[in-house]
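S.K.: One structure follows; several queries about it will come next.
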Amino acid sequence: MISIVAAAAAVTGPSTAAAQRRGGGRARSFLSSQKDGALRSDSTAVPEVASIVNGTSTEGPRKYMVGLTVEGSRFPTNCGGTLITPYVVLTAAHCMYFPQYPVWDPLDQVLVNLYNTTDQAGVVRINIQDPSEGGEDIIIHPDYYECCQNTYVNDVALMFLPIGQLADYAQINDDPKVPVVPDPLRVMGWGLTEYGGALSEVLLETTVNYISNEECKEAFAGTPKIITDGMMCAYKDFTDACYGDSGGPLFQVDKDGEIGDRPTQVGIVSWGIECANPKYPGVYARVSYYADWIKETVCSRPEYATKELCGSSKSGKGKSTKSPSYTP
Ligand code: ARG
């Protein structure tokens, strides 16, 4: 058994010219030492968390699953994300902008075809133009904010890649009636394998069960956290996502326990209190709640619109007509 929990670490000082250019000379990552925050490296704090706790290895890359990092990070990946078209990655807003940190330094390196972070043969590393450098390739949900001690509200972001990727794209769930309590759901990532532990070298996944927002609110009653309609929660004894798994997917599981080649994504790893703590479920952005925003944002850029996501009327133009240049 392996766990998804987050690991945190400290990066001391500006380690790259890019980090200095980006502002104040701090290279940060999302692995940090904060109890509930994303993994970040720009403080003096010590890593506390990790990724999936008590998960199992995926035994190879998942073509739709990407790792996210930033130049100068001490962590191989700081967040996860999913390819939802050849050119578009869905992730968490807090992987792109963390309000507690004044430096705008999004995770602008996308790692495709990644499985083992210590053996990156075959991995495609794509740099995108982030807003701190004047680019427009990262779009954060306009109503994203952080409150209540690392509670991320509307924690959704999109990244637009310059190079198309051939993959088994994740499908976004747009049905608000899905999932149903207690559906099994699959979460994956390179995050901490236990709270206070280390990041996983290989991609891990685990299965948790959907719980209602009412039940989730009860679990977090007495904490400063809030559960909004745009959030969803999942829980299973002893297993959970953890730090470093943020931005990664929560998928629907079929009756055979499989997620399929083109899995349906119902959630985005967002936040929790510690990891696999029996008192607290894991909290995810609810994909169906943001499906319209995701589609509008992607499909309003004709060169990124695909038939599958946008329907036939918006397809056929620009990049979507080109063959993706990379075949994993
Ligand atoms: N915010 C964390 C990150 O940035 C994810 C935490 C998920 N925690 C949990 N217990 N499910 O990686």
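S.K.: Treat the count of other C-beta atoms within 10 Å as a stand-in for reagent exposure and order Asp292, Asp108, Asp168, Asp256 from fewest to most. Let's see the in-between values first.
M.R.: Working: Asp292 10, Asp108 24, Asp168 15, Asp256 7.
Least to most surrounded, the residues fall as Asp256, Asp292, Asp168, Asp108.
S.K.: Then there is this: Order of Lys255, Lys295, Lys225 from fewest to most other C-beta atoms within 10 Å? Before the final figure, lay out the partial values.
M.R.: On the way: Lys255 6, Lys295 18, Lys225 22.
So the ranking, lowest neighbour count to highest, is Lys255, Lys295, Lys225.
S.K.: In what sequence do Trp293, Trp271, Trp190 fall when counting other Cβ within 10 Å, fewest first? Provide the component values of the computation, followed by the final result.
M.R.: Numbers: Trp293 17, Trp271 27, Trp190 33.
Starting with the residue having the fewest Cβ neighbours, the order is Trp293, Trp271, Trp190.
S.K.: So, one more: What does the charge count around Pro278 come to, taking other residues whose C-beta lies under 15 Å from its C-beta (Lys +1, Arg +1, Asp -1, Glu -1)? All intermediate terms of the calculation are to be shown ahead of the outcome.
M.R.: Working: positive: Lys236, Lys279; negative: Glu194, Glu215, Glu218, Asp237, Asp240, Glu274.
Counting the neighbours of Pro278, the net charge comes to -4.
S.K.: Using the Karplus equation 6.51 cos²θ - 1.76 cosθ + 1.60 (θ = phi - 60°), what ³J(HN,Hα) coupling, rounded to whole Hz, does each residue of region 290-304 give in order, writing x for Gly and Pro?
M.R.: Per residue, the Karplus-derived 3J(HN,Hα) values read 9, 4, 5, 4, 4, 5, 4, 5, 6, 6, 6, 9, x, 5, 10 Hz.
S.K.: Can you tell me how much longer the chain between Thr228 and Asp183 gets when fully stretched, taken as 0.36 nm per residue apart minus their C-alpha distance, in nm with one decimal? Walk me through the intermediate numbers first.
M.R.: Values: separation 45, 0.36 × 45 = 16.20 nm, distance 1.99 nm.
Net length gain for the segment: 14.2 nm.
S.K.: Using θ = phi - 60° and the Karplus curve 6.51 cos²θ - 1.76 cosθ + 1.60, what whole-Hz ³J(HN,Hα) does each residue of region 186-198 get, with Gly and Pro shown as x?
M.R.: 10, 10, 9, x, 9, x, 4, 8, 7, 4, x, x, 10
S.K.: Give me the orientation-averaged projected area of the Cα convex hull of region 189-319, in nm², one decimal. List each step's numbers first, then the result.
M.R.: On the way: hull surface 39.5 nm².
Its average projected convex-hull area is 9.9 nm².
S.K.: In the neighborhood of Leu203, defined by Cβ-to-Cβ distances under 10 Å, what is the net charge if each Lys or Arg adds +1 and each Asp or Glu adds -1? List each step's numbers first, then the result.
M.R.: Values: positive: Arg62; negative: Glu59, Glu201, Glu205.
Around Leu203, the charge tally is -2.
S.K.: Something else: For region 26-304, please report how many Lys pairs fall under 14 Å Cα to Cα, leaving out neighbours fewer than 8 apart on the same chain. Provide the component values of the computation, followed by the final result.
M.R.: Numbers: Lys35/Lys225; Lys217/Lys225; Lys217/Lys279; Lys225/Lys279; Lys236/Lys279.
Lysine pairs meeting both conditions in region 26-304 amount to 5.
S.K.: Excluding Arg62 itself, calculate the net charge of residues whose Cβ lies under 13 Å from the Cβ of Arg62, where each Lys or Arg counts +1 and each Asp or Glu counts -1.
M.R.: Working: positive: Lys63, Arg186, Arg262; negative: Glu59, Asp168, Glu205, Glu258, Asp261.
Combined, the nearby Lys, Arg, Asp and Glu give -2.
Where a number appears in this text, it was derived from the coordinates with a stated rule and is not lab data. The structure presented is a predicted model; accordingly, all values stated were derived computationally and were not measured. Methodologically, a virtual Cβ is constructed for each residue, glycine included, from the backbone with ideal geometry; neighbour enumeration extends over all protein chains shown.
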